[in-house]
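The values are calculated or read from the model by the stated rules, or taken from the named source; none is laboratory data. Keep in mind that what you see is a predicted model, and the values were worked out from it rather than measured. Here Cβ is always computed from backbone atoms with ideal geometry, including for glycine, and neighbour counts include all displayed protein chains. With ligands, DNA and RNA removed, areas are computed over all heavy atoms of the protein, side chains included. Shrake-Rupley method; radii C 1.70, N 1.55, O 1.52, S 1.80 Å.
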Amino acid sequence: MEVNPQKKILFIITQSEFGGAQRFLSTLIPHLDAERYDVLVATGSTGDAHFTDHLNNLKIPNTTLKHLVRNPRPWHDVKAIFEIKRLIQNFRPDTLFLLSTKAGFLGSFTGFNGKILYRIGGWAFNDPQNWLRRNLIIAAERFAARWKDVIIVNNRHDFLQAQQFHIRPRNKVVLIHNGLDIANLKLYPREEARTKLGLPLDAFVVGTIARDYPTKGLRYLPRHPEGYRQIVLSNVKYASRYLKAFDVYVSPSVKEGFSWAILEAMATGIPVIATRVGAAPEMIEDGVNGILVEPKNTDQLATSILTLIQNERLRQEFAIQAHQTVLKKFDLAKMVQEIESLLLVS
């Protein structure tokens with residue numbers, strides 16, 4: 001019987017720190033059939049190398065592109081294109097899978113003649129920035145799209161923006177939500193998590209997991225909370241393992257794609273307050289399985305936190321409904337199947 005050869009996939013991602021795009025890859029790749037796919041992950045040199053360490057722990061082949069950096073640096077950017085071209089010549093992939101804005105842009109100009117997929121976890125033009133920079137990024141995405149076969153977004157807002165700004169790849173734009181395997185979440189028990197974080201066991205704790213980027217909206221968190229402890233986990237390895245330390249999870253972002261942290265908090269059974277950005281309205285039905293507030297609104301965040309502090313029954317109801325939402329709508333197997341359907345098409 002004839003055996004189909006392995007499909008070779010080269011994943012390219014801009015940073016080596018552990019963010020949403022990195023979480024997507026480290027979730028996806030271990031669930032791809034090793035007999036069907038031969039993979040290599042190339043990361044840029046910007047970041048704390050947490051992601052590359054994680055890839056090594058998972059025994060996922062990876063390499064570093066030293067000239068691929070996050071911020072625009074024309075000389076490095078040109079060199080990065082040639083680095084990618086050499087890597088393509090050596091690895092000979094069938095599919096080039098680009099993740100994040102910079103990798104997506106530079107990878108489009110390598111002359112690769114196979115299939116190019118581009119997954120964006122939130123359009124960069126939605127970041128807080130001036131009008132000129134925003135429109136330059138929109139123009140760059142529109143221009144580079146013509147060399148991509150498929151663009152993958154993870155929320156409806158970004159899908160509609162691709163249509164609005166005429167960002168049109170050769171084939172299609174597809175919406176694929178993030179997915180989670182609830183049964184295999186790795187979490188510290190509540191007491192252990194609080195002890196590791198130095199938190200009192202009897203305190204009411206409101207927490208968030210986010211790097212200190214302007215898009216994460218940390219400046220809009222209430223500054224002088226009364227009656228509870230507020231904690232932000234930033235640059236903490238495997239931060240999601242501490243989720244059970246929280247009584248309420250808050251996401252104050254001004255821009256998101258599809259937040260893994262919100263998804264994990266919901267799956268863990270922690271009531272969530274989130275700003276109405278990115279995929280949050282697709283994950284949370286306001287007043288049913290969590291609370292949605294407007295971005296950049298500290299007063300709404302404070303009021304919502306106090307509402308949950310004062311209402312234990314509501315916290316319990318949100319926790320139950322959020323857990324059920326993840327089970328029904330955001331299953332890992334569904335995400336992997338939808339990605340594979342794109343990888344397997346010639």
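Structure notes:
- Spatially, the stretch 241-258 and the stretch 48-105 are offset by 29 Å when compared through their Cα centroids.
- Helix 74-91 and the longest principal axis of the Cα set of the chain meet at an angle near 70°.
- Trypsin sites (Lys or Arg not before Pro) restricted to DSSP loop in the stretch 291-346 with at most 16 other C-beta within 10 Å: Lys296
- Take each peptide in 319-326, 277-284, count the other Cβ atoms within 10 Å of every residue, and average; sorted highest first, the result is 277-284, 319-326.
- Ordering of 128-137, 163-172 by packing is 163-172, 128-137, highest average first (other Cβ atoms within 10 Å, averaged per residue).
- Cα-based helix-to-principal-axis angle, 332-343 vs the chain, degrees rounded to 10: 20
- Highest mean first, the peptides 255-263, 202-210 sorted by other C-beta atoms within 10 Å per residue fall in the order 255-263, 202-210.
- For the chain, the mean residue ellipticity at 222 nm estimated from helices alone is -11000 deg cm²/dmol, where every DSSP H run of n ≥ 4 contributes -39500 (n - 2.57) and the total is divided by all residues, rounded to the nearest 500.
- With an a/c value of 1.5 or above and a/b not larger than b/c for the gyration tensor axes a ≥ b ≥ c computed over the alpha-carbon atoms, the stretch 1-86 is described as oblate.
- In degrees, nearest ten, helix 131-144 long axis to first principal axis of the chain (Cα): 40
- Estimated dipole of the chain in Debye, rounded to 20 [Cβ of Lys and Arg +1, of Asp and Glu -1, Cα centre]: 1100
- Using θ = phi - 60° in the Karplus curve 6.51 cos²θ - 1.76 cosθ + 1.60, the 3J(HN,Hα) couplings for the stretch 267-280 round to 5, 6, x, 10, x, 10, 10, 9, 6, 7, 9, x, 8, 3 Hz; x is entered for Gly and Pro.
- Percent accessible area from carbon and sulfur atoms, the chain, protein chains only, probe 1.4 Å: 50
- The GluC sites (Glu not before Pro) of the stretch 1-102 that DSSP puts in a loop, and whose beta carbon has at most 15 other beta carbons within 10 Å, are Glu2, Glu35.
- Classification of the stretch 245-328 by its C-alpha gyration tensor yields an oblate form. The axis ratio a/c (a ≥ b ≥ c) is 1.5 or more, and b/c is at least a/b.
- Ellipsoid semi-axes in whole angstrom, largest first, where each is sqrt(5λ) of the Cα gyration tensor of the chain: 35, 22, 19
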